[in-house]
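The values are calculated or read from the model by the stated rules, or taken from the named source; none is laboratory data. Please read these numbers as outputs of a predicted model, since none were measured by experiment. Here Cβ is always computed from backbone atoms with ideal geometry, including for glycine, and neighbour counts include all displayed protein chains. Ligands, DNA and RNA are excluded from the accessible area calculation, which covers all protein heavy atoms including side chains. Shrake-Rupley method; radii C 1.70, N 1.55, O 1.52, S 1.80 Å.
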Amino acid sequence: TELSKIRNFSIVAHIDHGKSTLADRLIQETNTVADRDMKEQMLDSMDIERERGITIKANTVRIDYTAEDGEDYVLNLIDTPGHVDFAYEVSRSMRAVEGSLLVVDSSQGVEAQTLANVYHAMEADHEIVPILNKIDLPASDCERVAEQIEDVIGIEATGAIQVSAKTGQGIRETLEAIVNELPAPKGDADAPLKAMLVDSWYDAYLGVIVLIRIIDGKLKKGERIRMMSTNAVYPVDRIGVFRPQMESIDELGPGELGFLTASIKQVRDTRVGDTITHEKKGTTEVLDGFKPAQPVVFCGLFPVDTAEFEDLRDSIEKLALNDASFSYEMETSAALGFGFRCGFLGLLHLEVIRDRIEREYDIDLITTAPSVIYHVHMRDGTMIELHNPADMPDLTLVDHLEEPRIKATILVPDEYLGDVLKLCQDRRGIQENLTYAGSRAMVVYDLPLNEVVFDFYDRLKSVTKGYASFDYVMTEYRQDNLVKMSVLVNDEPVDALSTMVHRDRAEMRGRAMVEKLKDLIPRHMFKIPIQAAIGGKVIARETLSAMRKDVTAKCYGGDASRKRKLLDKQKKGKKKMRQFGRVDIPQEAFINALKMD
Ligand code: GTP
């Protein structure tokens, strides 16, 4: 396709403002998919995405559009994830396109991720077309929201297109704006091949599929390519485009987005952001900004039923093939038996993987407390990377500990600023800067990563009613007074509940944890002490009193089916518990005990 007839774009929006619905409409309006094949939210392919309404993996669709000027255009839409865990995926997929549609719900206004994502688009030098969506809603107020876009984001929005992705109103105008307002890509068809590896994933039939953006040159089926970061060479089996289902074509030229397959064994062999060129007469210039995503949060995953360990291994290996940012190694726990220590990009990533194992592979899991990587400096001068608090060496051998710190940037409407400052302060944050951008405060904090990985994002959202946007970068490792806190249930230590905490906050955290556990562990026939301890010293204690757990007593004999149902229910509840000594601890206790309200 001629460069002047191509438009590459992404859609940026806050969660629920209608990104997927709008994408579906663009696909439908251009007859990219026959009406009978249209299912809602074409682009959100994974069940979990659909259910949670969040977009995780980048997806792409090529749309043919005959514009009002009578010319045929090719529009390539890249779908991007919207959560801070995947900020790296957002920023790199944005570098593969020239423009963005900024979708704002006109009944809500600019919200948290609107900002974070639009900044990514600006960093990628995008032309940005504002779209006011949901104008069919009675609460829609286009004038106010357009003004807000101008104030807060600083882009012209008075003439913004008014759309209802629900009724289809404004969809033609949107397509015209894509053609008329977004720039065509640049590139040189005669230069050596230079393509960007935008994304890759595993397909059960075709193996690894690589999403690429051609910058310069041309790529044909059968040619041999080189991945510049690894120097690995592959013959290309197949190239094609997404409509949104895969369709083979013979050649991809500059400015185009498409896929290739090349007998690449696993997703791990591909590096997102890498430069792809021909094996011979290739380019020597590498695209900049390439960095592999590193796991930062670790936790243990154990099967509730120990007999399912091999199934768990199988599921983890399969998921890892398709997700290079997910790491794992075997772990044994005194309390939980055999399982895996896994590394993730953040908590959402953790939850997504855990959900997929539970649903797609039908394995009930116990998830232990998430932890960051600590540097343990030993008296003998060596340093150990601690991924798991349970592995903390004997204190007499330890000189000092260091923890990872981050620089967090939070944008928030003025009225919630006080709550945000308090939250950051409570999480051992050090304020570095406070400025104003429009009617919003922008605050920069130096925070310990371990105070953020757990429930910081949820708390931030709840104290600001979803209006804060948050982004962070890792900065350095710094020494602090950190200790390992153990938890004892019925006088037995439960290693899976051990956490690293700051000494000054240990009592407070210990108390909160034992109180939570008291609510989370069901009563037994006997009294159960629950304690938090540092070394041998108990710092908090609760006692769960005894109860007769005769659940069928209520049934007054007669109704046998009701009785059976109750017993079944109890049995099912049991399945989700693990025994520690004589105590049953429910699965969710392992993660909920750590949440700080
Ligand atoms: P994420 O995938 O989570 O980022 O959300 P999204 O931005 O893709 O939002 P999505 O398209 O899933 O829409 C969110 C909700 O808003 C859905 O229930 C849609 O049906 C609804 N919605 C989208 N566009 C419109 C619209 O124009 N009018 C009305 N009334 N509802 C809409």
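Here is how the numbers come out for the structure above:
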{"read-out": "Nonlocal amide H pairs with residue 256, under 5 Å, H built at 1.01 Å", "value": "214"}
{"read-out": "Aspartates and glutamates whose Cα lies under 19 Å from that of residue 281, excluding same-chain neighbours fewer than 8 positions away", "value": "188, 190, 216, 223, 251"}
{"read-out": "At 1.002 mPa s and 20 °C, Stokes D of the chain from Kirkwood alpha-carbon radius, µm² per second", "value": "81"}
{"read-out": "21 Å Cα-Cα threshold exceeded, pairs from 221/265; 186/280; 194/220; 194/265", "value": "186/280; 194/265"}
{"read-out": "Residues residue 527 and residue 474, FRET efficiency given R0 of 30 Å [Cβ-Cβ distance, rounded to 0.05]", "value": "0.10"}
{"read-out": "Whole-Hz ³J(HN,Hα) from phi, Karplus 6.51 cos²θ - 1.76 cosθ + 1.60, for region 235-240, glycine and proline x", "value": "x, 7, 7, 8, 10, x"}
{"read-out": "Calculated from backbone phi, Karplus (6.51, -1.76, 1.60) coupling profile of region 521-537 in Hz, x at Gly/Pro", "value": "8, x, 5, 10, 6, 9, 6, 10, x, 10, 10, 10, 9, 10, x, x, 9"}
{"read-out": "The chain, accessible surface, carbon-and-sulfur percent (1.4 angstrom probe)", "value": "47"}
{"read-out": "Integer Hz, Karplus 6.51/-1.76/1.60 couplings in order for region 362-372, x for Gly and Pro", "value": "6, 10, 6, 10, 9, 9, 8, 3, x, 9, 9"}
{"read-out": "Nearest 10 degrees, 0 to 90: helix 417-426 Cα axis against the chain principal axis", "value": "50"}
{"read-out": "Area of residue 271 that stays accessible when all protein chains are in place (1.4 Å probe, Å², to 10)", "value": "90"}
{"read-out": "Listed pairs 407/516; 19/134; 5/134 exceeding 19 Å between Cα atoms", "value": "407/516; 5/134"}
{"read-out": "Cα centroid separation - region 302-358 against region 190-253, whole Å", "value": "31"}
{"read-out": "Length-normalised contact order for the chain - Cα pairs under 8 Å, 6+ apart - percent", "value": "10"}
{"read-out": "Pairwise Cα inverse-distance average, inverted: Kirkwood Rh of region 86-182 (Å)", "value": "13.7"}
{"read-out": "CD proxy at 222 nm, helix term only [per DSSP H run n ≥ 4: -39500 (n - 2.57); per residue of the chain; nearest 500]", "value": "-7000 deg cm²/dmol"}
{"read-out": "Solvent exposure of region 224-288 as accessible area per residue, Å², 1.4 Å probe", "value": "46"}
{"read-out": "For peptides 275-286, 99-110, sequence by mean Cβ density within 10 Å, most packed first", "value": "99-110, 275-286"}
{"read-out": "Model label zone, residue 385; criterion: amide N under 11 Å from point 7 Å along Cα-to-beta-carbon; scope region 191-213", "value": "none"}
{"read-out": "Pair residue 338, residue 546: separation of 7 Å Cα→Cβ label points (nm)", "value": "3.8"}
{"read-out": "Isotropic mean projected area of the C-alpha convex hull, region 304-401 (nm²)", "value": "7.0"}
{"read-out": "Inter-part distance where region 396-422 and region 502-552 are each reduced to a Cα centre, Å", "value": "28"}
{"read-out": "Length gained when the stretch residue 69-residue 137 is fully extended (0.36 nm per residue, less Cα-Cα span)", "value": "21.3 nm"}
